[in-house]
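> Dumping the structure here so I can ask a few things about it.
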Amino acid sequence: MRLKLDENLPAEAAASLRRHGFDAVSVVDQGMGGLPDRGIASVCQDEGRVLITLDTDFADIRAYPPASYPGFIVLRLRNQDKHHVLELLER
């Protein structure tokens, strides 16, 4: 599975997913930090990558129709600290 991790996730997250066999890159690693959501979504379309994010804006199917994108995984976590997010992705 081809994944892209949003800039609101820990920098180590992409490396963790790669260790588990995923083709994962991060927005920051690709020099796209600060790019508006639409820009990130467009790059995901072009690259055929599913975006993993904490940004609930990507859950709006009116703005991001599911048929138009490879996918969005919006993590809704009560605890969003670095350790907890990395632990969740490891599982």
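The values are calculated or read from the model by the stated rules, or taken from the named source; none is laboratory data. This structure is a prediction, so every number in the text was calculated from the model and none was measured. With ideal geometry, Cβ positions are generated from the backbone for all residues, glycine too; neighbour counts draw on all protein chains shown. What goes into the accessible areas is simple: the full protein's heavy atoms, side chains included, and nothing from ligands, DNA or RNA. Shrake-Rupley method; radii C 1.70, N 1.55, O 1.52, S 1.80 Å.
> In region 79-91, what residues are of a type in the set (Lys, Arg) and over 28 Å from Arg38 (Cβ atoms)? Explain how you work it out, then say what you get.
Here is the first cut: in region 79-91, the ones of a type in the set (Lys, Arg) are 82, 91.
Of everything in region 79-91, just one residue is of a type in the set (Lys, Arg) and over 28 Å from Arg38 (Cβ atoms), namely Arg91.
> Moving to a separate point now. Report whether or not Leu86 is touching a residue at least 12 places away in the same chain (Cβ under 8 Å) and not in a helix (DSSP H, G or I). Full working, then the answer.
Working: touching a residue at least 12 places away in the same chain (Cβ under 8 Å): yes; not in a helix (DSSP H, G or I): no.
Criteria not met by Leu86.
> Sticking with this one: Kindly indicate which of Leu54, Leu77, Leu17 is touching a residue at least 60 places away in the same chain (Cβ under 8 Å) and closer than 22 Å to Leu89 by Cα.
Selected residue: Leu17, the only one of Leu54, Leu77, Leu17 that is touching a residue at least 60 places away in the same chain (Cβ under 8 Å) and closer than 22 Å to Leu89 by Cα.
> Within region 1-23, which residues are outside any helix (DSSP H, G or I), within 20 Å of His83 (Cβ to Cβ) and among the small types (Gly, Ala, Ser)?
The answer is Ala11, and nothing else.
> Separate question: Which of the residues that make up region 65-91 are over 17 Å from Phe22 (Cβ atoms) and small (Gly, Ala, Ser)?
Once the filter is applied, which keeps residues that are over 17 Å from Phe22 (Cβ atoms) and small (Gly, Ala, Ser), region 65-91 yields Ala67, Ser68.
> Kindly provide the set of residues from region 16-46 that are among the aliphatic types (A, V, I, L, M) and more than 13 Å from the chain's Cα centre (by Cα), ordered by number.
First pass over region 16-46, keeping only residues among the aliphatic types (A, V, I, L, M): 17, 24-25, 27-28, 32, 35, 40-41, 43.
The one that is among the aliphatic types (A, V, I, L, M) and more than 13 Å from the chain's Cα centre (by Cα): Leu35.
> Go through Arg78, Arg49, Arg38, Arg91 for me and flag whichever is within 15 Å of Met1 (Cα to Cα) and charged (D, E, K, R).
Values: Arg78 fails: within 15 Å of Met1 (Cα to Cα); Arg38 fails: within 15 Å of Met1 (Cα to Cα); Arg91 fails: within 15 Å of Met1 (Cα to Cα).
Of Arg78, Arg49, Arg38, Arg91, the one residue that is within 15 Å of Met1 (Cα to Cα) and charged (D, E, K, R) is Arg49.
> For region 36-72, which positions are outside any loop (DSSP other than H, G, I, E, B), open to solvent by 70 Å² or more (accessible area, probe 1.4 Å) and of a type in the set (A, V, I, L, M)?
Ala67
> Let me ask something additional. Which residues, taken from region 13-35, are more than 17 Å from Phe72 (Cα to Cα) and either of a type in the set (Gly, Ala, Ser) or open to solvent by less than 80 Å² (accessible area, probe 1.4 Å) (or both)? First the steps, then the outcome.
Restricting attention to region 13-35, the residues satisfying the condition of being more than 17 Å from Phe72 (Cα to Cα) are 15-16, 18-21, 28-34.
Correct list: Ala15, Ser16, Gly21, Gln30, Gly31, Met32, Gly33, Gly34.
> Something else about it: Looking at (1) at pLDDT 95 or above; (2) surrounded by 14 or more Cβ atoms within 10 Å (Cβ to Cβ); (3) among the hydrophobic types (A, V, I, L, M, F, W, C), can you tell me which one Leu89 breaks?
Exception for Leu89: condition (1).
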